[in-house]
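Below you'll find the structure, written out as structure tokens, and then a few comments.
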Amino acid sequence: MTAPTPPADGQRPGALRRLLPAIAGHPRPFRGTLVANLLGQLTALAAAVLGAALAGRAVAGVPTPVGLVTGVLGALVAVVTLATWWEMYVSHDLAYRILADLRTRVYDAITRIAPGGTGGRRAGDLATVALSDIETLEWLFAHIIAQVLTATVVLAVGTALAAWIDPWLPAVVLPAAALVTAVPWLLRRHADRHGGQVRAATAELTADIVDTVHGLRELTVFGAMEQRRAQLAARTRRLGRTQRRNAARAGLETALIDALVAAAGVGAVLVVLDGVRAGRLDVASGPVALVLAGAVLGPASQVALLLKEAGTLRAAADRVDALLQAPSPVSVPVRPVPAPGGGDVVFENVHFGYLADRPVLRGVSFSVRPGETVALVGASGVGKSTCAHLLLRYHDPTAGRITVGGVDLRDLTDADLRRTVTVVPQDVHLFPGSIADNIRLGRPHATDDEVRAIADAAQLTPFLDALPAGLGTPAGERGAALSGGQRARVAVARALLTGAPVLVLDEAAANLDAATEADLAAALEATGDHRATLVIAHRLATIMRADRVIILDGGRIVADDTPEQLRRRGALTAAVRGDEATAVG
């Protein structure tokens, strides 16, 4: 599956809106954010009005109880201070809770579509979605939603009070406030384009950096570091250009907003002066009128400044939403069936193709009994690994079915499927941590004794005995501290510890020396009495250890017999040679 393609304008309609319901899962911090923000805004307005009234009365020579007013002002300032601190705390608490939920949903989406669905998306791109794009949305949840709602309330209150003092005042400041809030919408198309370019350039650079880190050895060995540096420098320059364009547009928005606010402020001063001359306002009310004009313009300006980065927010939301909405390559069972716990593995007339017009499997039928090892053999591209991927349910057959113990794999939950079928791949991935931690991957709560016993069964003990920390030895990033054979043994131990009744060996011995392969084969044979094992292999030594060999050609089974019988007929040798010739070619 390739990555979802957004519309031509770079945005998925409603992507940002579809993320807003995430707030519903945290009603208390959201209410706290609204209350704290509203309390702080209204109290600040009250303090400003009271201070302006005190100044106006002083200018007009009206007696004022200064001590009382000063005490009330001090109390209001204290309330504003506490409300601002509390609003910052609860708004960020809300935002980071939501971001944590979104990261979990993104991780679930990746596990839902992987590994069959991430072929069109690079690891660095997925990392950018899970980290950078989601972090960008912090601005939305911490600084925009509640603030826009409370700014609307403050604007309404300020407008009503301004109209009460002088009906002409709203006539000047309200049109300016409308123009201020319209600026981000007028420039939305440019903001969306620039925001999308920034997020795309960030993702490309991050993906290139991740690929570079993973491929440092190959880049060094083949003398390609300078070329790679040049590529990263070009990506960095492109990101810089997109960021400058976005900053220039944001600067233009800010300048327009400031100019409109300044012009409206001048207009408000003129209205107040005219009101005083015409007798609509007394001198003491003039400062209050100006403060209320600011109460109308201030929230509008605040909203506009918050929304000037909406293009970047929409671009980040688009990338997150695209991953969350990506369809799974397999369906979720409507009525799950309990895991069978073992039994025959049966392929029944299975058809499958990665592309609709290019079938890979054409009516494949075979079975693997408990305690039996069956090897799939054939040239590259005939469907060997596809059979393994279907058994692991990376994809579902387009026709036919696969069962374990009579249960269709499509009727199992993902957790039950993973407890039923496990795999030892050719490219073993180990995580940073101890060898024991990596063995426990499928059973995190396995005891130390269980881990030691399974390590012994996987022929790991001689290697571990030579290490000071034994099972506690760090494996290194991607298993860098271990050899290929040692990583393979850890992978076998990891698979055996799960106790899964079905094991897939997908070219697990392809890169191992003969001695290591023999050790692993002995480990699997000693523990495989009740396990159905499907082996994808092209080595003759590996194939000869199987109980049965199935030869695939053109997506169909052309032979199914014991390895000895197939070798006597020459079919096995021809199939192995064909596989090796394809690999070499």
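Details
- Rounded if a/c under 1.5, otherwise prolate or oblate - region 242-338, Cα gyration tensor axes: oblate
- Kirkwood-type radius of region 345-584, with distances r between different C-alpha atoms, in Å: 18.4
- Once backbone amide H atoms are built at 1.01 Å from N, residue 281 has 276 as its partners under 5 Å, excluding neighbours fewer than 5 places away on the same chain.
- Packing here is the average count of other Cβ atoms within 10 Å per residue, and on that basis the peptides 107-113, 181-187, highest first, run 181-187, 107-113.
- Here the sum of -39500 (n - 2.57) over DSSP H runs of 4 or more residues, divided by the residues of the chain, equals -20000 deg cm²/dmol at 222 nm, to the nearest 500.
- Using θ = phi - 60° in the Karplus curve 6.51 cos²θ - 1.76 cosθ + 1.60, the 3J(HN,Hα) couplings for region 99-114 round to 4, 4, 5, 5, 5, 5, 5, 5, 4, 4, 5, 5, 5, 5, 8, 8 Hz; x is entered for Gly and Pro.
- Looking at region 15-324, the pairs of alpha carbons with a distance over 32 Å make up 44% of the total.
- Percent of beta bridges antiparallel (DSSP, the chain, rounded to nearest 5): 55
- Efficiency of FRET from Cβ geometry, residue 107 and residue 480, R₀ 25 Å, rounded to 0.05: 0.55
- Normalised alpha carbon radius of gyration of the chain [divisor 2.2 N^0.38 Å]: 1.37
- Highest mean first, the peptides 531-537, 259-265 sorted by other C-beta atoms within 10 Å per residue fall in the order 531-537, 259-265.
- For residue 434, the amide hydrogen comes within under 5 Å of the amide hydrogens of 475, counting only partners 5 or more places away or on other chains and with H modelled in the peptide plane.
- Protection proxy ranking for 485-496, 456-467, using the average of other Cβ atoms within 10 Å per residue and placing the highest first: 485-496, 456-467.
- Gain in span if fully extended, residue 367 to residue 188, counting 0.36 nm per residue against the direct Cα distance: 58.5 nm
- Amide H contacts of residue 407 (H built 1.01 Å from N, under 5 Å, at least 5 apart or other chain): none
- HN-Hα J in Hz across region 337-350 - Karplus 6.51, -1.76, 1.60, θ = phi - 60°, x for Gly and Pro: 10, x, 4, x, x, x, x, 5, 8, 10, 9, 10, 6, 7
No lab work stands behind these numbers, since they all come straight from the coordinates. Just so we're clear, the structure is a prediction, and the values are computed from it rather than from any experiment. Glycine gets a Cβ as well: all are built from the backbone with ideal geometry, and neighbour counts include every protein chain shown.
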